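The values are calculated or read from the model by the stated rules, or taken from the named source; none is laboratory data. All values derive from a computational prediction rather than experimental measurement. Positions of Cβ are generated from backbone atoms using ideal geometry, with glycine treated the same way; all protein chains shown enter the neighbour counts. Please note that ligands, DNA and RNA were not included when accessible areas were found on the heavy atoms of the full protein model with its side chains. Shrake-Rupley method; radii C 1.70, N 1.55, O 1.52, S 1.80 Å.
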Amino acid sequence: MNADVDVKPVPQAPLSLAHQFDDLVQQREADDLGMWLFLCTEIMFFGGLFLAYTIYRSRDEAAFAAASHELDLFWGTVNTAVLLTSSLTIALAHHAAESSRRSQLVALLAATLVLGSVFLGIKGLEYHHKYVHGLMPLLGLPFEWQGPSRGHAELFFDLYFLMTGIHALHMLIGLGILLVLLIQASRGRLLGDFSAPVRVTGLYWHFVDIVWVFLFPLLYLIGAR
């Protein structure tokens, strides 16, 4: 008997392949298509908010600019830098997953999770500041506006809390998904051909970051600073 003869292992279906797909390539294409379709619906949703903001702002630019100056430009800028950095870490995490570098994947997913949490923490501080100064016209809270065009200024803050609140909700959903991915990555999953969840989560995270890139100038940079 020749001991040098290679015995090929019997191929088995990957555990991460869903039963309705023939192979991982087909599953990957379906994952990408599903995420892009979902993001298209999100674009239409946020597009409606941006359109409403633009219409109401055009009615009283001065009032919107005066109300915008009550926002903290420093923390808004810090949060923008935080989110852009998180886009970098999730992109690197995807690369690490495809390259089967487990330790880097875990570290980068954790970094993205921390950065997203920092963003929400800073946003919470901003909300608290508005509440303390009577600039949170929600749930019947008093609106203490000393400047002109009280009605339009209140409308600005209504839109500010609506748009940033919905964005924060999307951030929370993303953080929950990242936590699940982090647990899976720490167990040695999501590597190589099975990195699709990291890729599609990265698409979602980039979209949320892009929304903020539009929100920041619309809300924080109105008029001369």
For the range 193-212 the number of residues that are touching a Ser or Thr at 6+ places or on another chain (Cβ under 7 Å) and open to solvent by 20 Å² or more (accessible area, probe 1.4 Å) is 2
Out of curiosity, is GLY147 on the phi > 0 side of the Ramachandran plot and either assigned to a helix (DSSP H, G or I) or of a type outside the set (Ser, Thr, Tyr) (or both)? no
Scanning the range 99-116 residue by residue, those of a type outside the set (A, V, I, L, M) and in a helix (DSSP H, G or I) turn out to be ARG102, SER103, GLN104, THR112, GLY116
Screening GLN146, GLN184 for residues that are over 24 Å from ARG59 (Cα atoms), among the polar types (S, T, N, Q) and either surrounded by fewer than 19 Cβ atoms within 10 Å (Cβ to Cβ) or without any contact (Cβ under 8 Å) to a residue 60 or more places away in the chain (or both) leaves only GLN184
Of the candidates PHE156, PHE119, the one satisfying the condition of being in a helix (DSSP H, G or I) and either farther than 21 Å from THR201 by Cβ or among the acidic types (Asp, Glu) (or both) is PHE156
Scanning the range 78-97 for residues that are without any contact (Cβ under 8 Å) to a residue 60 or more places away in the chain and more than 13 Å from LEU113 (Cα to Cα), the one nearest to the chain's Cα centre (by Cα) turns out to be ALA81
State whether one or more residues within the range 126-140 are in contact with a Lys or Arg (Cβ under 8 Å, 6 or more places away or on another chain), outside any loop (DSSP other than H, G, I, E, B), open to solvent by 50 Å² or more (accessible area, probe 1.4 Å) and over 21 Å from THR112 (Cα atoms).
no
Picked from the range 107-118 (must be in contact (Cβ under 8 Å) with a residue 60 or more places away in the chain and within 14 Å of the chain's Cα centre (by Cα)), the residue surrounded by the fewest Cβ atoms within 10 Å (Cβ to Cβ) is LEU113
Scanning the range 168-214 for residues that are of a type outside the set (Gly, Ala, Ser), over 17 Å from HIS94 (Cβ atoms) and in contact with a Phe, Trp or Tyr (Cβ under 9 Å, 6 or more places away or on another chain) gives HIS170, MET171, ILE173, VAL211, TRP212, PHE214
Scanning the range 149-174 for residues that are under 23 Å from the mean Cα position of the chain (by Cα), open to solvent by 30 Å² or more (accessible area, probe 1.4 Å) and in contact (Cβ under 8 Å) with a residue 12 or more places away in the chain gives ASP158, LEU162, ILE166, LEU172
Scanning the range 98-117 for residues that are hydroxyl-bearing (Ser, Thr, Tyr) and closer than 15 Å to VAL82 by Cβ gives THR112, SER117
| query | Condition test on LEU179, is it modelled with pLDDT under 95, of a type in the set (A, V, I, L, M) and open to solvent by 30 Å² or more (accessible area, probe 1.4 Å)? | reply | no
